[in-house]
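These notes concern the structure reproduced below.
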Amino acid sequence: MNVVIAGVSAAGLSAAEMLRRQGFDGRISLVGDEPALPYDRPPLSKEVLSGVWLPERVQLRDDAAIAGLEPDLRLGTAAIGADVRDRSIALADGSRLPHDELVVATGVRPRRLPGTDDVPGVHVLRTLPDALAPRAELDHKPRLVIVGAGFLGAEAAAVARQAGAEVTLVSDIEAPLSDVLGPELGSILIGMHRDHGVEILTGVLVREVLTAGGRAAGVRLADGRVLEAGAVLVSIGSVPNVELHGGGPQPARRAEAVRPGALHLVRPVRPQDPDLRPAPRRRQLHGGRRRRLRTQTRCPVRKTGRGQCRGPVNSIRSPRAARALVGTSWDAATKGGAIR
């Protein structure tokens, strides 16, 4: 029996380990578009971007542990199509890989600003090379504009500011992070950024990235203002990788993105497609430890009979309490204690 796992990140690795733990002795093919072995992504915007960690440290399992799974590794070539009737997937190198069962863990990719895919000096943060490219630019202490003030943008702003860069954080909402943390905690964390010298512009969209000499030179805002920059980091969410679903004569599946930035799951639409499996729920795997990851939004609590929020379990009365609640401080952002 042959199981193909499309996507070689935390979820794909977890699926392979689960199969071996449960006694599966058939072939497991791990297919991924990156050449690297499975690695942890949250440290990319903190420990790797800051240079505190070497790239090798983010690998989720050492070579011996990976070899112990006895996988058929197909790294550096993406799965681009699935044929349910033929039970095979098409790879970007032109080959096809047969399977008895298929686990889809293709994840997401960063959402980009239009026309910026190949512009030097415009960065996103999703892969290890993505983190290493702006890391090299931070050595020159550039003026950096970060588009998007969610967790990723806020973390990168802290790292860049500590590296000596002038940082402007641009958000399309008036209260950055309030949509995921609530207004009080969001305002505390954004206030910490301002206290450390990060300029924050709220309630404004970026219209376009400006270029000069063949590379990014700044951004133009929707209100006409121009922000000069030596580098631009775009952190405006993610797009599910659904290309696999269009392949073959029977694209008989639907994609379900749990939330922006979450793992992309694929579930069968019809009972006659029983061999498609969603990836396991995302877990924290780094260092051999497992625990469920969950971002608690707003009222993390008991609810009334009408479903209304009754009041938070933890009352946030000070910046110190806020830092204790999220398990981090601004100064710890580059030292392994930042928000996940």
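The values are calculated or read from the model by the stated rules, or taken from the named source; none is laboratory data. Bear in mind the structure is a predicted one, so any value in this text is a computation, not a measurement. Note that we place each Cβ from the backbone using ideal geometry, even for glycine, and neighbour counts take in every protein chain shown. Just so you know, the surface numbers come from the protein's heavy atoms only, side chains and all, with ligands and any DNA or RNA stripped out. Shrake-Rupley method; radii C 1.70, N 1.55, O 1.52, S 1.80 Å.
Key figures for this structure:
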{"quantity": "Apportionment of accessible area to carbon and sulfur, region 1-67, percent (1.4 Å)", "calculated": "54"}
{"quantity": "Label-point gap, in nm, between residue 143 and residue 25 - each point 7 angstrom along Cα→Cβ", "calculated": "6.6"}
{"quantity": "Once the Cα gyration tensor of region 35-181 is diagonalised, semi-axes √(5λ) in Å", "calculated": "34, 19, 15"}
{"quantity": "Region 225-231 - phi-based ³J(HN,Hα) in whole Hz, Karplus 6.51/-1.76/1.60, Gly and Pro as x", "calculated": "5, 10, 10, 6, 7, x, 7"}
{"quantity": "Filtered trypsin sites (Lys or Arg not before Pro), region 129-229: DSSP coil and at most 15 other beta carbons within 10 Å", "calculated": "225"}
{"quantity": "Apportionment of accessible area to carbon and sulfur, region 99-165, percent (1.4 Å)", "calculated": "53"}
{"quantity": "Other-chain or far-sequence residues with amide H under 5 Å of residue 207's (modelled H)", "calculated": "220, 221, 222"}
{"quantity": "For region 141-254: rounded, prolate or oblate by the Cα gyration tensor [a/c cutoff 1.5]", "calculated": "oblate"}
{"quantity": "Integer Hz, Karplus 6.51/-1.76/1.60 couplings in order for region 204-215, x for Gly and Pro", "calculated": "9, 9, 8, 7, 6, 8, 8, 10, 8, x, x, 9"}
{"quantity": "Potential lengthening between residue 1 and residue 199 on full extension [0.36 nm per residue; Cα-Cα distance subtracted]", "calculated": "65.6 nm"}
{"quantity": "Other-chain or far-sequence residues with amide H under 5 Å of residue 109's (modelled H)", "calculated": "239, 241"}
{"quantity": "Karplus (6.51, -1.76, 1.60) ³J(HN,Hα), θ = phi - 60°, over region 159-164, in Hz, Gly and Pro reported as x", "calculated": "5, 5, 5, 5, 7, x"}
{"quantity": "Packing rank of 171-177, 108-114, 226-232, where each peptide gets the mean count of other beta carbons within 10 Å, highest leading", "calculated": "226-232, 171-177, 108-114"}
